[in-house]
Amino acid sequence: MIFLEKNRKRIESNYEKLRSEFPQLLKEADEKLKSCRDIVGLAVRYLYTAMPLSDMANYSYEVFLDFARHGAALWEEKAWVRELPEEIYLNYVLLHRVNEEEIRPCRKVFAEKLEGRISGMTMEETIIEVNYWCAEQVTYHCGDERTLSALAVCERGYGRCGEESVFTVNALRSVGIPARQVYVPRWSHCDDNHAWVEAWSDGTWKFLGACEPQMVLNRGWFTEASSRAMVLHARLFDPENTEESVIGQEGMAAMLNELERYAAVQEIEVLVRDEKKQPIADASVEFEILNSGEYYPAAVVLTNEQGIARLKTGYGSLHLWLLAEGYRGSLLVDTREKRSFILEAVPETEYSKEWEKLDFYAPHDTPVNTVMPTPEQKELGSMRLKKADRLRTAAKSNWKNTQLEIFLEKGTGAQEVRCRKAMLDALSEKDRTDVSAALLEEYFEEAAKNSGEYPEEIYNAYVLNPRVEHEILMPCRSLIKTCFTQTQIEDFRCEPEKIWNWIDCQIKSYPQLERASVITTPLACLQSRTGSEHSKWILFVAVARTFGIPARLNPESGAMEYWKSGAFVPVLQSEEKTAKIRLKLDPSVTWKYFQNWSIARLVKGSYVSLQYWNLCGPYHTLELQVCPGQYRLLTTNRLPNGNQLVLQKELQIAEGETKEEVLKLRETVLEEMLEKIIVPEFYVCDENGKRWGAAELTSDGQECGAAELASDGQKCGAAELASDGRECGAAELASDGQKCGAAELTSDGREDKLAAGRDRIFFWLEERREPTEHILNELLELKEEFKKVSGALNFVVRSGEALQDPTLKRVLQALPDIRVYYDSFEENIELLARRMYVNPEQLPLIIVFSGSRTGIYACSGYQVGTGAMLLSILNR
């Protein structure tokens with residue numbers, strides 16, 4: 001078999017073309033490729049043709065040689081790798097990049113740890129085993145947007161879901177399993193996103209939760225959630241011969257839509273036409289999802305000659321935004337009952353001057369993946385996961401980056417030590433886990449030459465600080481100085497705008513060959529004379545700080561700024577904030593930016609949200625200093641069922657003008673807020689240690705399947721049987737020591753305060769914690785109303801010790817009909833919270849059940865007014 005027989009000529013041709021365009025970038029590779037054996041040399045050439053320019057500029061040839069050698073060895077040594085389609089092998093085994101992570105050689109390291117434990121396994125068994133090894137190395141921990149290398153994630157033992165998936169993909173590729181990251185860029189039903197992994201097994205893609213192993217594939221906590229998505233992404237860096245659904249292009253990387261494997265889909269079509277009803281070809285249609293109080297472009301499709309753009313999507317709402325020369329346009333579409341839409345283009349100078357009401361509908365569950373582990377697999381998987389947790393905790397719980405201590409120990413004198421600590425304090429938590437002492441030392445020594453020129457807080461944050469945004473940190477300041485003459489440096493210090501003028505003239509951008517979110521480092525920009533527009537902005541800040549000029553990217557707008565006369569001023573005149581927006585807000589609402597409101601500025605035809613992350617509170621008025629231009633205000637009230645009620649308005653602001661607007665949330669109707677979600681079976685125990693399950697036993701103690709057998713052996717509805725065989729409403733079975741359904745843990749012989757068939761509320765409580773204290777206090781404040789329905793209340797705690805909590809005691813004394821159950825919180829919290837689409841990491845978890853295992857409302861953490869909401873539901 002010949003290595004890459006089908007793609008050899010294409011790879012060699014593309015490499016030669018690249019070499020002719022960027023001879024300096026490939027000079028080192030050209031020389032060293034002469035000593036490579038053929039199979040490795042071809043693999044290296046492929047990597048260069050399938051990477052963004054930023055990779056060529058940021059990393060040495062040896063980095064890619066390491067990936068090429070390992071990928072070639074896998075092809076030579078493993079039969080299943082040789083049998084893979086070449087496009088699958090190239091993109092998903094050989095390729096070094098997963099998404100936008102930092103690149104460090106890691107495949108050989110991972111393979112050496114894995115080969116022994118996967119010997120003799122099938123591809124599917126290997127995928128599962130690798131994921132258990134990943135769980136032994138890494139667990140979830142939230143962090144900033146910078147994506148660490150797979151090796152760094154493994155070393156420190158934790159990462160956010162994007163980093164867990166980058167790590168797991170690299171682990172799978174290291175043993176020859178094709179793998180890729182798949183993610184929902186934004187959910188439609190809640191404010192978040194998520195990434196996981198797909199692996200190629202026996203000719204098809206199957207999914208798994210990264211570092212969240214199960215004993216079967218095509219199963220994860222996100223299985224049901226993914227069936228509510230409108231678009232699911234994967235990235236392809238070599239899309240030349242792909243047959244997959246491409247829904248956008250990010251420079252040289254294609255956006256793929258993988259939704260069909262997860263949800264019920266349909267193809268919708270949008271006809272774009274001008275004011276004369278004529279179709280507009282080559283117009284860009286952005287299909288946007290409303291999430292976190294802003295519109296996110298999840299797909300970007302060009303119209304064909306007939307003016308039509310098509311997209312395979314789910315059954316819910318999308319906001320469309322049109323970009324066409326001389327035109328703009330927007331449209332809210334509901335795909336639940338309609339597949340064809342007309343987007344009317346208007347002249348780009350027109351805009352909506354009034355508040356608009358928009359109703360967004362989240363898709364319902366449409367799961368197409370119904371695989372479930374058997375009880376035996378579930379038990380074994382739970383044991384293996386606990387073992388993985390123990391191994392990881394033992395190996396990595398005390399891990400720390402010793403490079404920080406080495407850096408601090410070099411300090412001489414109290415003042416220098418204080419300055420070194422200030423430098424570390426300026427870095428993020430993530431930076432402190434992967435930064436080296438040598439890097440810190442280089443930045444410190446160069447910055448020290450300008451200490452004392454500015455206020456300490458300005459110097460520490462905007463001169464001493466190595467970090468500009470989310471770029472890779474590399475030693476650069478001493479080398480940046482060598483790129484300029486002393487005359488230039490003095491010029492720059494006098495007029496910092498000249499730094500940008502030089503950068504804009506000397507550094508060229510090639511958007512079609514870049515991935516915008518993969519930043520070319522400042523030094524690599526200078527050495528290669530290439531860099532994306534965003535990379536050039538970061539370069540400005542890095543050069544300015546190198547020469548002792550405090551500089552930053554504005555935290556709200558991202559504009560380049562430098563310190564002058566006691567304030568930051570923009571480099572570009574177009575970024576001067578000479579206008580104001582004064583907002584009057586309802587003080588009864590807790591206004592949370594990027595949750596229930598946002599403001600976006602029109603930039604090059606698209607709205608870009610301003611980054612007011614810290615705005616949160618019951619404000620009366622807010623005054624925002626902004627640049628003149630066009631803006632869009634948006635407020636959204638997200639309902640528990642995932643739907644959103646929106647108000648939006650566009651406004652034009654001239655230089656020196658102040659615009660006043662009133663921000664309001666649309667009011668809701670209770671029935672609009674309720675869900676109908678069947679939850680999985682779960683178990684809790686009573687005070688005697690007896691296990692109560694999800695309605696899986698008959699009244700005579702015989703087991704039956706999934707809560708469906710009557711006491712006489714006849715099948716019936718999930719929660720309609722009394723213990724004596726009578727039909728009854730949900731949650732009404734008496735307790736005689738026998739197991740019964742989860743939604744039926746309600747009757748222990750005491751008089752029920754609710755009539756048959758009414759709702760039941762379960763509270764998973766974390767005593768002595770503030771959020772739990774708040775909801776308990778609300779129950780006490782409303783105790784007279786809750787007494788009328790107290791038979792519907794069920795508390796779940798970890799142990800009897802919880803009942804000694806003073807607040808919990810007072811509630812149980814005031815409402816004696818509340819029933820108490822016990823749970824380890826190890827499985828049920830994750831299982832039920834995920835199913836009800838609330839955050840499992842926030843307690844208390846409160847779920848209202850109507851009927852057996854039908855969740856109609858849930859919340860996690862504490863929200864003001866939860867008690868009143870629960871009463872409204874019970875009394876509806």
Picked from the range 427-440 (must be in contact with a helix residue (DSSP H, G or I) (Cβ under 8 Å, 6 or more places away or on another chain) and crowded, with 17+ Cβ neighbours inside 10 Å), the residue nearest to residue 562 (Cα to Cα) is 440
Filtering the range 372-399 down to residues that are surrounded by fewer than 12 Cβ atoms within 10 Å (Cβ to Cβ) and either at positive phi or in a loop (DSSP other than H, G, I, E, B) (or both) yields 374, 397, 398
Counting only residues in the range 249-295 that are touching a helix residue (DSSP H, G or I) at 6+ places or on another chain (Cβ under 8 Å) and hydrophobic (A, V, I, L, M, F, W, C), the one nearest to residue 180 (Cα to Cα) is identified as 252
Residue hits (the range 650-687; open to solvent by less than 30 Å² (accessible area, probe 1.4 Å) and closer than 19 Å to residue 582 by Cβ) are 650, 651, 653, 661, 663
Residues that are out of contact with any Pro (no Cβ under 9 Å at 6 or more places or on another chain), in a helix (DSSP H, G or I), open to solvent by less than 50 Å² (accessible area, probe 1.4 Å) and basic (Lys, Arg): does the range 416-425 have at least one? yes
Considering the range 762-790, residues that are over 18 Å from residue 874 (Cβ atoms) and open to solvent by less than 20 Å² (accessible area, probe 1.4 Å), and then whichever is modelled with the lowest pLDDT, we arrive at 772
Within the bounds of the range 619-641, is there any residue that is at pLDDT below 95, surrounded by fewer than 16 Cβ atoms within 10 Å (Cβ to Cβ), outside any loop (DSSP other than H, G, I, E, B) and in contact with a strand residue (DSSP E or B) (Cβ under 8 Å, 6 or more places away or on another chain)? yes
Residue 563 meets each of (1) within 33 Å of the chain's Cα centre (by Cα); (2) within 19 Å of residue 459 (Cβ to Cβ) with one exception, condition (1)
Of the candidates 235, 228, the one satisfying the condition of being out of contact with any strand residue (DSSP E or B) (no Cβ under 7 Å at 6 or more places or on another chain), open to solvent by less than 30 Å² (accessible area, probe 1.4 Å), basic (Lys, Arg) and touching a residue at least 40 places away in the same chain (Cβ under 8 Å) is 228
Of the listed residues (792, 814, 802), the one being touching a strand residue (DSSP E or B) at 6+ places or on another chain (Cβ under 8 Å) and small (Gly, Ala, Ser) is 792
Expected output for the range 338-357 (first residue on the phi < 0 side of the Ramachandran plot, partner assigned to a loop (DSSP other than H, G, I, E, B) and open to solvent by 80 Å² or more (accessible area, probe 1.4 Å), Cβ below 9 Å, 6+ apart or cross-chain) is 344/275; 344/277; 345/275; 346/275; 347/275; 348/325; 355/664
Per the filter on the range 591-604, residues open to solvent by 30 Å² or more (accessible area, probe 1.4 Å), in contact with a Lys or Arg (Cβ under 9 Å, 6 or more places away or on another chain) and at pLDDT below 95 are 595
Going through the range 346-371 in order, the residues found to be of a type in the set (Asp, Glu) and either open to solvent by 80 Å² or more (accessible area, probe 1.4 Å) or not in a strand (DSSP E or B) (or both) are 348, 350, 354, 365
Scanning the range 658-682 residue by residue, those touching a residue at least 60 places away in the same chain (Cβ under 8 Å), in a loop (DSSP other than H, G, I, E, B) and either within 29 Å of residue 693 (Cα to Cα) or hydroxyl-bearing (Ser, Thr, Tyr) (or both) turn out to be 674, 675, 676, 679, 680, 681, 682
Exception for residue 292 within (1) modelled with pLDDT of 95 or more; (2) within 22 Å of the chain's Cα centre (by Cα) falls at (1)
Qualifying residue in the range 112-135 (condition: within 28 Å of residue 54 (Cα to Cα), of a type in the set (Phe, Trp, Tyr) and either open to solvent by 10 Å² or more (accessible area, probe 1.4 Å) or at pLDDT 95 or above (or both)): no
Here the residues within the range 329-345 that are under 19 Å from residue 604 (Cα atoms) and open to solvent by less than 20 Å² (accessible area, probe 1.4 Å) are 329, 345
Here the qualifying pairs (Cβ atoms under 7 Å; residues six or more apart or on different chains; first in the range 778-790 and touching a residue at least 12 places away in the same chain (Cβ under 8 Å) and at positive phi; second surrounded by fewer than 16 Cβ atoms within 10 Å (Cβ to Cβ) and part of a helix (DSSP H, G or I)) come out as none
*asked:* It is to be established whether one or more residues within the range 791-806 are open to solvent by 10 Å² or more (accessible area, probe 1.4 Å), within 35 Å of the chain's Cα centre (by Cα), at pLDDT 90 or above and within 19 Å of residue 848 (Cα to Cα).
replied: no
By residue number, the members of the range 455-471 that are part of a loop (DSSP other than H, G, I, E, B), acidic (Asp, Glu) and surrounded by fewer than 21 Cβ atoms within 10 Å (Cβ to Cβ) are 469
Residue hits (the range 809-864; within 22 Å of residue 689 (Cα to Cα), among the polar types (S, T, N, Q) and open to solvent by 40 Å² or more (accessible area, probe 1.4 Å)) are 824
Considering only strands (runs of 3 or more DSSP E) wholly within the range 245-319, the ones with at least 2 residues that are under 19 Å from residue 515 (Cα atoms) and open to solvent by 40 Å² or more (accessible area, probe 1.4 Å) are 246-250, 294-302
When (1) buried (at least 24 other Cβ atoms within 10 Å of the Cβ); (2) touching a Pro at 6+ places or on another chain (Cβ under 7 Å); (3) hydroxyl-bearing (Ser, Thr, Tyr) are applied to residue 174, the one that fails is (2)
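The values are calculated or read from the model by the stated rules, or taken from the named source; none is laboratory data. Model, not experiment: these values are computed from the prediction. Here Cβ is always computed from backbone atoms with ideal geometry, including for glycine, and neighbour counts include all displayed protein chains. These area figures cover heavy atoms from the full protein model, side chains too; ligands, DNA and RNA do not enter into them. Shrake-Rupley method; radii C 1.70, N 1.55, O 1.52, S 1.80 Å.
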